[in-house]
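To start, the structure itself, in structure tokens.
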Amino acid sequence: MRFLTYGSLVLCLPLVLAGSLRADSQADSKALIDKAIKAMGGQDKVAKLQTGTGKGKLTGQDDGKEITVTYEASWQGLDQYRIDADAQFDGNSKQALMIVNGAKGWIKAGERVEAAPKGLVSLIKDTFYGMRMPQVLPVLKGKGYKLSPLGELKVGDSPAVGVRVAHKHHKDVSLFFDKKTGLPVKSEINVKSPDGKELAIEYLYSDYKDVDGVQSCTKITIKAHGKEFIMEMSEFTPEDKLDDSLFEKP
């Protein structure tokens, strides 16, 4: 009996230790999230970033030609988005409206409205999910999210410490915080294009400014598929609730 008891302890010990390590890792990772939330202005204020409206500009190059997109955006939670965009490319101008509402989405160009393919809706939601990590920090501590440490690296010239964010309904995200200030400085996500190809996207957060008592990044450098784009937000307004009609079929 003593041998069986000892043997059981030996067999169970790795599992117990592993569970303890996972719990400690989760706690350490949550501590980083808490530090970031505090640096940004506190739980209540950061929570308000989950819904809002904003204006800005996206610039970059494609095939050596300059692209400039001015936009007005509305978002609510992680499933509702509305983007009104005016794109300037190679001397041409195009206006488009994109709406995502849960599993549905639409694109309007001129007077033509088309339903967005399911794969495109998923891509849009995954892309915004990875980009909006600083806005949804309080959510990451909630039920269903698993956090694990990623160690340290340098973002620019500053040391940063990382956390992997996992959830069964979302793509995994690697999120990094400035080791000194605690502010989010980088996230990475792998998404799948509608044709099934994997695409790695990196977001670099900078130019933090006070917006209604919240330190919010106003510049995001986006790197994907060897290309780089700069998104700058000129206006940003947190909202308690947006009218659901904003996210209906146009």
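Here are the numbers:
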item: Proximal aspartates and glutamates to residue 180, defined as alpha-carbon separation beneath 18 angstrom and excluding residues fewer than eight positions away on the same chain; result: 28, 34, 152, 157, 207
item: Tilt relative to the chain, helix 2-40 - C-alpha long axis, 0 to 90 degrees, to 10; result: 30 degrees
item: Shape category assigned to the range 165-250 from the gyration tensor of Cα positions, a/c cut at 1.5; result: oblate
item: For residue 240, net neighbour charge (Lys/Arg +1, Asp/Glu -1) across residues whose Cβ lies under 13 Å away; result: -1
item: Built amide H within the under 5 Å cut-off of residue 41, gap 5+; result: 215
item: Footprinting exposure proxy for 55, 154, 241 (fewest neighbouring C-beta atoms within 10 Å first); result: 241, 154, 55
item: Residue 113-residue 86 pseudo-label distance in nm [points 7 Å out on the Cα-to-Cβ vector]; result: 2.3 nm
item: Neighbour-count order for 74, 245, 158, fewest beta carbons within 10 angstrom listed first; result: 245, 158, 74
item: Pairs from 57/168; 125/209; 143/197 whose Cα-Cα separation, in the structure shown, is over 28 Å; result: 57/168; 143/197
item: Residues whose placed amide H lies under 5 Å from that of residue 116, excluding near-sequence neighbours; result: 105, 106, 107
item: Stretch gain in nm, segment residue 221-residue 44, where the contour uses 0.36 nm per residue and the Cα spacing is subtracted; result: 61.0 nm
item: Dipole in debye (nearest 20) - the chain, about Cα centre, beta carbon charges: Lys, Arg +1; Asp, Glu -1; result: 1040 debye
item: With Cα atoms, 0 to 90° folded angle of helix 118-131 axis to the chain main axis; result: 70 degrees
item: Residue-wise HN-Hα coupling along the range 175-190, computed from phi with Karplus coefficients 6.51, -1.76, 1.60 (Hz; x: Gly, Pro); result: 10, 10, 10, 4, 5, 8, 8, x, 6, x, 10, 6, 9, 9, 8, 9
item: Global geometry of the range 169-214, whether rounded, prolate or oblate, following the gyration tensor of its Cα atoms and the 1.5 cut on a/c; result: prolate
item: Extension gain, residue 167 back to residue 249 (0.36 nm per residue minus Cα-Cα distance, nm); result: 26.7 nm
item: Phi to ³J(HN,Hα) by Karplus 6.51 cos²θ - 1.76 cosθ + 1.60 over the range 46-57, Hz, x for Gly, Pro; result: 5, 4, 6, 6, 5, 10, x, 9, x, 10, x, 9
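Values in this text are rule-based calculations from the coordinates and carry no lab data. Given the structure is predicted, the values throughout are model-derived calculations rather than measurements. Neighbour counts run over all protein chains shown; Cβ positions are idealised from the backbone, glycine included.
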